[in-house]
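Student: Submitted below is the structure of interest, expressed as structure tokens.
Coordinate-derived values only; no laboratory data. For clarity, every value in this text was computed on a predicted model and none was experimentally measured. No Cβ is skipped: glycine too gets one built from the backbone with ideal geometry, and neighbour counts run over all protein chains shown.
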Amino acid sequence: MTDIHMLERLLRRLRLTRMASEWHGLEKRALAEGWTPSRYLLSLCSEEAAHRESERLRRYIKDARLPTGKTLAEYDFGQVPELNAGQVRQLCETTDWVDSGENVLLFGASGLGKSHLAAAIVDGVVSQGYRARFYSAGELLQELRKARSLL
């Protein structure tokens, strides 16, 4: 078995899938541009890390089960003029409230976009690398009833 085959098998065994698919093309570029071995290795590792991060975020978004089209950009703040848009944006863009274990409660009449805002907040938190799950009130009650029946 050649060194190239052993390298590819070892990279896959170590679950360095992005490195396994990119090393040869990057090697050609490194040789053409006269990279040092450490720069070549750094590029390979950076490629693997970036791929893992994007896959992790993709998985977190999928696991959050967000309703489609319920982003902050799609919300009409004119619908509820007394709503503080800056405060909602801050909840979507920062995570200090998550880190300190604070809750966000949304109250209001039917049809004002509470679920939309909740989904937008979850989307913002997930895009910053946190795991979260969106539930409507009905879904949450069903989950709680199911869990209670298992006790």
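Student: Work out how much length ILE4 to ALA73 would gain on full extension: take 0.36 nm times their residue separation and subtract the Cα-Cα distance, in nm to one decimal.
Tutor: Fully extending the segment from ILE4 to ALA73 adds 20.0 nm.
Student: Would you compute, from DSSP H runs of 4+ residues alone, the mean residue ellipticity of the chain at 222 nm, taking -39500 (n - 2.57) per run and dividing by the full residue count, rounded to the nearest 500?
Tutor: Mean residue ellipticity, 222 nm, calculated: -20000 deg cm²/dmol.
Student: Pull out the extension gain between SER46 and ALA137, defined as 0.36 nm times the separation in residues minus the alpha carbon to alpha carbon distance; nm, one decimal.
Tutor: Details: separation 91, 0.36 × 91 = 32.76 nm, distance 4.13 nm.
The span from SER46 to ALA137 would gain 28.6 nm if fully extended.
Student: By average Cβ neighbour count within 10 Å, what is the ranking of 123-132, 78-87 from highest down?
Tutor: 123-132, 78-87
Student: What does the net charge come to around TYR40 if you take all other residues with beta carbon closer than 12 Å to its beta carbon, with K and R at +1 and D and E at -1?
Tutor: -1
Student: Starting from the Cα of LEU57, step 7 Å along the direction of its Cβ; do the same at SER100; then give the gap between the two resulting points in nm.
Tutor: In this crude label model, LEU57 to SER100 measures out at 2.6 nm.
Student: Now for a separate question. Under 24 Å Cα-Cα from LYS146, which lysines qualify once same-chain neighbours fewer than 8 residues away are excluded?
Tutor: LYS62
Student: Out of SER54, PRO81, ALA32, whose Cα points farthest toward the positive end of the dipole of segment 19-96 (charges: +1 Lys, Arg; -1 Asp, Glu; placed on Cβ)?
Tutor: ALA32
Student: Which order do the peptides 23-34, 39-50 come out in when sorted by mean C-beta neighbours inside 10 angstrom, highest first?
Tutor: Most protected by this proxy first, the peptides run 39-50, 23-34.
Student: Measure nothing but the geometry: give the 0 to 90° angle between the long axis through the Cα atoms of 17-33 and the longest principal axis through the Cα atoms of the chain, rounded to 10°.
Tutor: It is inclined by approximately 50 degrees.
Student: For segment 1-59, rounded, prolate or oblate, judged on the Cα gyration tensor with a ≥ b ≥ c (square roots of eigenvalues), a/c < 1.5 rounded, else prolate if a/b > b/c?
Tutor: Values: a/c = 2.61, a/b = 1.24, b/c = 2.11.
Oblate shape, in that a/c is at least 1.5 and b/c is the bigger or equal ratio.
Student: Using the Cα centre of segment 65-150 as the reference point, and only Cβ charges (+1 on K/R, -1 on D/E), how large is the resulting charge dipole? Debye, rounded to the nearest 20.
Tutor: Magnitude of the dipole: close to 500 debye.
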